[in-house]
Structure formats: C-alpha cells, structure tokens
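The values are calculated or read from the model by the stated rules, or taken from the named source; none is laboratory data. If you're wondering where the values come from, they're calculated on a predicted model, not measured in any experiment. Using ideal geometry, Cβ is built from the backbone for each residue, glycine included, and neighbour counts are taken over all protein chains shown. For accessibility, only protein heavy atoms count, side chains too; no ligands or nucleic acids. Shrake-Rupley method; radii C 1.70, N 1.55, O 1.52, S 1.80 Å.
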Amino acid sequence: MVTDPGLEAAGHPQRALAALQQASLPVVIFDGVEENPSSRHVENGLLIARENQIDFLVAIGGGSSMDCAKGINFLLTNGGSMIDYKGFGKAARPMLPSIAVPTTAGTGSEAQSYALIADEKTHMKMACGDPKAAFRAAILDPEVTVSQPRKVTAITGIDALAHALESYVTLKHTTLSQMFAREAWRLLEPNLGRVLREPGNLEARGAMQLGAHFAGIAIENSMLGACHACANPLTAHYGMTHGIAIGILLPHVIRFNAQVVGDLYADLAHESGLHNGDQNAAGEALAQGVVELLRRSGLPTSLSACGVNQGILPLLADEAAEQWTAKFNPRPVSERELLSLYESGPVRRRRFCNYA
C-alpha cells in the first residue's frame, strides 16, 4: 500500500488496511510519499517492495501517492531508474496489477498511464508513461475527500479545472477527449465553489471526484498545454504547490490561446453561463471566472504573491520550453512566448508566501 503520512490522521490507510486484512491479504505499507514525488521517493518505496516480494499495489491518496505507486511498479518489474522510462511505452516487461483510491479531486492520475516523477538532482518533472502502468481499477468514494482541508480542496479543484480547460483545446484533442473534457468541466466548474461553501456536501464532492477522473481520461487522450509547462519549473525552483502555480498562470494562458481557440473556449463558457458563447469574448470570460474562483478560495493570483522575482523568469521560460506539454499547446510557444506568459502578472522580489 502506497500512501502518505498525512492521510493517517484521517484514517483512510487504516480502513483500507483493515479491509485487506479481513480478506486475508498480507499488506506492507510504504508511507514515505511527499508532495511532488521524486525519483528518491520511488527508490525508497522500491526497497520495501523488493524486501517483501509484493505482487500487487494499492495507492491511496492524491496524485503524489498514485504517481509514486506507478513509479515503484516500473522499477520493480522492469528494473533501471525512472529516467529510463521518460516518455512513453518503454516498459518491456509486464507490470503488476494495481488499484487506486484517490482521496482528492484533482490530478486524475487514477485514470492515466503516466507517472509524473521529479528527477532528484535537477528537480525537473519527468512524464513516464506506459499502458501497462495504468491502474486496473479506481475506487471513487466522495466520503474520503471530505477530510481535506479547505485549501487542499481549492488547490486540487483548480488543477482539475485546468485539466479540463487545457485538454479541450490541445493540438492533440480528439472527439473522445473533448467529450470527457467537456463533461469534466460541467461537473467541476459549478461544484468547486459549492464544496468550498458546503464541505460536507457529498453530492458536490462526488461530482468533483468524477469530474477530475473524466479530466484525467481527457489528458490521457489529448495531453496538456502551456499552463502545465510553465507550472512545473515553478515547483522545481520555489517548491510551489502545483495547483497554486496552475491557478496563477491559467488565466494568462487562456487569454494567450483565445486568439486561436476562441470558438472552443466559447463552448465551455456557454456551458457555464459565463457568456453567451461569443468566441471573441469567451476567453476573457473564462479567464475572469478562474480569477474569481481563486479569490473566493483565498489563493494567490500573482507570482509576486509567492516571491517569484523578475530575474529568474528567463530561466523559467527556458525550462518550460523543454516541458513535454508545451508542444501540445494550441498556439505555438517558444521561450519568447513562455516568458511573456510569466511576465503577464506583476513579478517582484517579496518574501516567499506560505502556500507551498
């Protein structure tokens, strides 16, 4: 069982352990997962898995636990190190069956065959994917998300919204991916505010969890874009929580892309009643909607609020251009365009904020 120590206070791993033991299944727990897992976390889990000759994995937690479980599966069954699996389809041998129990409504990792693992030395994230790494089953239980702190609900919810928005317009989008992205948006956009106002509302919690899952399916079929490409270097250099970086950058990326996919943004804006579907104004309507969600959630809306200074922006842009998601953005981006996205909001030297 792969999980993180923060969930033990909520009792989720203990309940899962009891259920598995009741079925006469011996269980070994690895709870050394941290936010934004690196190759070090995967290797630590691998040692435990090898020592105990495990033959099945259960991941309980958010995207970090699920991605770490996939990483352990890669190395346990196919050997080598995580960098060997950067890209797609590089696992030559079969992998162990696995089950995911997401406790957040955010990453949608339970619906994807990719593990996002940071290189321990460079801190840059590697996307390691293979069809064999996908979970055999995902258990979506809205009750396990009720224990989330309000800030976590907001941060993971914004990430899920971004998945729906980005996957709907990428260069690789298909009819199938757009169907899942659109349904994800329908579930996520009205219910994020609802769960923040009414944290015990299981119907809204369930909609959020299913929406995040559908957005994960959309990503699997269409990838993501410039927003995620820009977010990953911020996590690497500042330890910024992924959803925080996504939320700050998303409105600027929407405005940037609206020149070429305004008609697609109009679909989503119309779904939410944010606008009447006018493609010339839809991008701004969506961008303003995201900003308003951030403000209502108490999350920062600028990089300066998190201590990002002007001098590092060229380096961030250079690293963002190397991110795998950048090439799927509907409007082509190079270092120049990515730098302009970082510069879209005021950036100055300030004390680091406490949102990491």
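When D84 is tested against (1) surrounded by 23 or more Cβ atoms within 10 Å (Cβ to Cβ); (2) over 16 Å from V2 (Cβ atoms); (3) at pLDDT 95 or above, just one condition goes unmet, and that condition is (1).
Of the numbered criteria (1) surrounded by fewer than 24 Cβ atoms within 10 Å (Cβ to Cβ); (2) in contact (Cβ under 8 Å) with a residue 24 or more places away in the chain; (3) acidic (D, E), the one D67 fails is (1). Here T174 meets each of (1) in contact (Cβ under 8 Å) with a residue 40 or more places away in the chain; (2) under 18 Å from the mean Cα position of the chain (by Cα) with one exception, condition (2). Applying the condition of being assigned to a loop (DSSP other than H, G, I, E, B) and of a type outside the set (G, A, S) to the range 289-302 and asking which residue is nearest to F256 (Cα to Cα) yields T301.
For the range 70-77, indicate whether the set of residues that are more than 19 Å from the chain's Cα centre (by Cα), on the phi < 0 side of the Ramachandran plot, without any contact (Cβ under 8 Å) to a residue 60 or more places away in the chain and open to solvent by 40 Å² or more (accessible area, probe 1.4 Å) is non-empty. The answer is yes; a qualifying residue exists. I'd like to know if the range 26-37 contains one or more residues that are small (G, A, S), open to solvent by less than 70 Å² (accessible area, probe 1.4 Å) and either modelled with pLDDT of 95 or more or closer than 19 Å to M124 by Cα (or both). No. Considering every residue within the range 108-131, establish whether at least one is within 21 Å of I244 (Cα to Cα), hydroxyl-bearing (S, T, Y) and in contact with a strand residue (DSSP E or B) (Cβ under 8 Å, 6 or more places away or on another chain). Taking every residue of the range 108-131 in turn, at least one turns out to be within 21 Å of I244 (Cα to Cα), hydroxyl-bearing (S, T, Y) and in contact with a strand residue (DSSP E or B) (Cβ under 8 Å, 6 or more places away or on another chain). Among the residues of the range 109-123, those that are open to solvent by 40 Å² or more (accessible area, probe 1.4 Å) and not hydroxyl-bearing (S, T, Y) comprise L116, E120, K121, H123. If you filter the range 294-306 down to residues that are at pLDDT below 90 and either of a type in the set (S, T, Y) or open to solvent by 10 Å² or more (accessible area, probe 1.4 Å) (or both), you find that the one that is farthest from N232 (Cα to Cα) is R296. Scanning the range 241-288 for residues that are surrounded by 17 or more Cβ atoms within 10 Å (Cβ to Cβ), part of a helix (DSSP H, G or I) and either small (G, A, S) or without any contact (Cβ under 8 Å) to a residue 12 or more places away in the chain (or both) gives G243, A245, G247, A258, G262, A266, A269, A281, A282, G283, A285, A287. Checked against (1) open to solvent by 50 Å² or more (accessible area, probe 1.4 Å); (2) in contact with a His (Cβ under 9 Å, 6 or more places away or on another chain); (3) more than 24 Å from A320 (Cβ to Cβ), L202 passes all but condition (2).
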